[in-house]
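Below is one structure, written out as C-alpha cells; comments come after it.
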Amino acid sequence: MILVTGGAGFIGGNFVLNWLNNSQAEGIVNLDKLTYAGNMSTLASLDNDPRHIFIRGDIGDRALVENLLQKYQPRAIINFAAESHVDRSIHGPADFIETNVVGTFNLLESARAFWASLPVEKKALFRFLHVSTDEVYGSLKAEDSPFRESDVYAPNSPYSASKAASDHLVRAWFHTYGLPVLTTNCSNNYGAYHFPEKLIPLVILNALNQKPLPIYGDGQQIRDWLYVADHCSAIRCVLERGQAGETYNIGGWNEKTNLEVVNTICSVLDSLRPRNDGQSYAELIMFVKDRPGHDRRYAIDASKVERELGWCPAETFDTGIRKTIQWYLDNHDWIDGVVSGSYRDWVQKQYT
Ligand code: NAD
Ligand code: TYD
C-alpha cells in the first residue's frame with residue numbers, strides 16, 4: 001500500500017489513475033478533504049477497483065491519519081494535498097496556512113510516529129514524498145539561470161510562502177528526526193482533469209463558450225509548463241530511486257509567455273473546432289488587471305533528476321497541449337460537473 005493525500009485533485013487524481021493503470025501496482029489509500037478542488041468524478045473509473053480506498057478527511061486530523069497508517073501500513077506517503085491557487089491565496093490566505101503549513105506539520109508528526117514504530121527493515125524502506133512547487137524560489141529576471149535545487153527560497157505570494165514553509169518543515173523532519181523524506185519542486189502542470197480556475201483549462205473552456213480569454217497585465221510573464229503525466233512519472237521515479245533527504249526540481253524545459261500559451265491554445269482550437277463565424281479564437285483575448293505581486297518568470301533546471309535518476313519528460317508542449325485540448329473536447333460530463341455554483345461564484349469574484 002501507499003498513502004496518497006489530495007488524490008481527488010488535479011495532479012493527485014492523475015497520479016492515482018496513472019498508478020492503478022498498472023495492473024501489478026500496489027493499492028492506494030487516498031485521503032482527501034474534498035475541498036472545492038477535489039473531485040470524485042475524476043476517480044469514477046476506480047469505483048469497482050478494490051485497490052483504491054478513498055477516505056474523506058483532513059491531513060491535519062492526527063487521529064484519523066494515525067489510524068489509517070496503523071490499519072494500512074503503507075510503505076510511503078505522497079503528499080499532494082494543498083490549497084494550490086495563487087489568486088485564491090491573495091483573496092484569502094488563511095486556508096493556505098491551515099492546510100499547507102499546519103496540515104503538513106500534522107501529517108509529518110503522524111508519519112514520524114508511525115515510522116518510529118516500524119521494524120528496522122520497513123523503517124529503512126519507508127518514504128515521505130512531499131510534492132511542492134517551483135514558486136518557492138520566487139521570480140527570475142529574463143537573464144537569470146533557471147531555478148536549481150541549491151537556490152535560496154524567495155516566495156512572493158501567500159501560496160508560495162505557505163509551500164516554502166511546508167518544504168522547510170519537511171527538510172527539518174529529516175535533519176532532526178531522520179524521517180526519510182523526499183521533496184519535489186515542479187513547474188506549472190497542465191493536462192486532463194485540471195480545474196478551470198488555472199490559466200490553461202480556463203482559456204480552453206472560455207474559448208469553447210465564446211467568452212473573453214483574460215490575460216493578466218501584459219501577458220509577458222513566463223512559466224515553464226509540464227504535462228501532468230510527466231510529473232506523475234517523475235514522482236514515481238523519485239519515490240523509487242530518490243535519495244532520502246534530497247530535493248529534486250522537475251520541469252519540462254518549456255518556457256512560454258502567457259500570451260504564447262493562450263495563442264497556441266487558440267490556434268489548436270481553430271483547427272480542431274473552428275468557430276462558426278470563421279474568426280480565430282484569438283479574437284477573444286482580453287487584457288485585464290494584473291495579479292498583485294505577479295511573479296515575472298519561473299524556469300526550472302531539471303538536470304539533477306535527469307542525471308541522477310534518469311527521468312525525462314515524454315511530451316513537448318506542442319504534443320501535451322494538443323492532448324489536453326482534445327481531452328477537454330471529449331469530456332463534457334466532467335466539465336459540467338465542475339462548473340457548478342461555487343465555480344461561478346469564483347469567476348464572478350475574480351473577473352468582474
Ligand atoms: P488541487 O488544488 O487541484 O488539488 C488539491 C487536492 O487537495 C484537492 O483534491 C483537495 O480536496 C485536497 N485537499 C486540500 N486541502 C486538504 C486537506 N487539508 N486535507 C486533505 N486534502 C486536502 O492541486 P494540484 O494542482 O493537484 O496540486 C497538487 C500538489 O502539487 C500541491 O501540493 C501543489 O502545491 C503542487 N504543485 C502543483 C502544481 C500545478 O501546476 N498545479 C505545480 C507544482 C506543484
Ligand atoms: P495559474 O494557472 O494560476 O498558475 P500560477 O499562478 O501558479 O503560475 O497562472 C499561470 C499564469 O497565467 C500566471 O502568470 C497568471 C496568468 N493568468 C492569466 O493571465 N489569466 C488568468 O485568468 C489566470 C488564471 C492566470
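The values are calculated or read from the model by the stated rules, or taken from the named source; none is laboratory data. Computed from a predicted structure; not experimentally measured. Here the Cβ is made from the backbone with ideal geometry for all residues, glycine too, and neighbour counts use every protein chain on show. Keep in mind that these areas ignore ligands, DNA and RNA; they rest on the heavy atoms of the full protein, side chains included. Shrake-Rupley method; radii C 1.70, N 1.55, O 1.52, S 1.80 Å.
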Practice task
Could you figure out which of (1) under 25 Å from Glu143 (Cα atoms); (2) surrounded by fewer than 19 Cβ atoms within 10 Å (Cβ to Cβ); (3) within 12 Å of ligand 1 (Cβ to nearest atom) isn't true of Asp224?
Solution key: (2)
Completion exercise
Given (1) free of Cβ contacts under 8 Å to residues at least 60 places away in the same chain; (2) among the acidic types (Asp, Glu); (3) closer than 21 Å to Leu179 by Cβ, Glu246 misses just (1)
Practice task
Please go through the stretch 170-203 and pick out each residue that is more than 16 Å from ligand 2 (Cβ to nearest atom), surrounded by 20 or more Cβ atoms within 10 Å (Cβ to Cβ) and in a loop (DSSP other than H, G, I, E, B).
Solution key: Leu179, Pro180
Exercise for the section: Restricting attention to helices (runs of 4 or more DSSP H) lying wholly within the stretch 296-345, give those where 2 or more residues are open to solvent by 70 Å² or more (accessible area, probe 1.4 Å) and in contact with a strand residue (DSSP E or B) (Cβ under 7 Å, 6 or more places away or on another chain). Expected result: none
Completion exercise
The residue that is nearest to ligand 2 (Cβ to nearest atom), considering only those in the stretch 1-21 that are buried (at least 24 other Cβ atoms within 10 Å of the Cβ) and over 15 Å from Ala229 (Cα atoms), is Gly6
Practice task
Answer yes or no: is there a residue in the stretch 22-38 that is assigned to a helix (DSSP H, G or I) and either within 16 Å of ligand 2 (Cβ to nearest atom) or more than 30 Å from Arg291 (Cα to Cα) (or both).
Solution key: no
Handout entry: Which numbered condition Lys211 fails, given (1) within 16 Å of ligand 1 (Cβ to nearest atom); (2) assigned to a loop (DSSP other than H, G, I, E, B)
Key = (1)
Problem - Residue among Asp144, Asp151, Asp218, Asp167 that alone is modelled with pLDDT of 95 or more, open to solvent by 50 Å² or more (accessible area, probe 1.4 Å) and more than 26 Å from Val262 (Cβ to Cβ) - result: Asp151
Handout entry: Hits in the stretch 284-295 (condition: open to solvent by 40 Å² or more (accessible area, probe 1.4 Å) and in a loop (DSSP other than H, G, I, E, B))
Key = Lys289, Asp290, Arg291, Pro292, Gly293
Exercise for the section: Inspect the stretch 211-227 for any residue being among the hydrophobic types (A, V, I, L, M, F, W, C), within 24 Å of Thr133 (Cα to Cα) and more than 10 Å from ligand 2 (Cβ to nearest atom) and give the result as yes or no. Expected result: yes
Handout entry: Which listed residue is within 16 Å of ligand 1 (Cβ to nearest atom) and in contact with a Ser or Thr (Cβ under 8 Å, 6 or more places away or on another chain), from Ala234, Ala282
Key = Ala234
Practice task
Name the one entry in Leu69, Leu108, Leu118, Leu129 that is in a loop (DSSP other than H, G, I, E, B) and farther than 24 Å from Leu199 by Cα.
Solution key: Leu118
Exercise for the section: Please list, ordered by first then second residue, the pairs with beta carbon atoms under 6 Å, 6 or more apart or interchain, first in the stretch 59-79 and touching a residue at least 12 places away in the same chain (Cβ under 8 Å), second open to solvent by less than 70 Å² (accessible area, probe 1.4 Å) and charged (D, E, K, R). Expected result: Ala76/Arg127
Completion exercise
Only one of (1) surrounded by fewer than 17 Cβ atoms within 10 Å (Cβ to Cβ); (2) assigned to a helix (DSSP H, G or I) does not apply to Asn48, and that is (2)
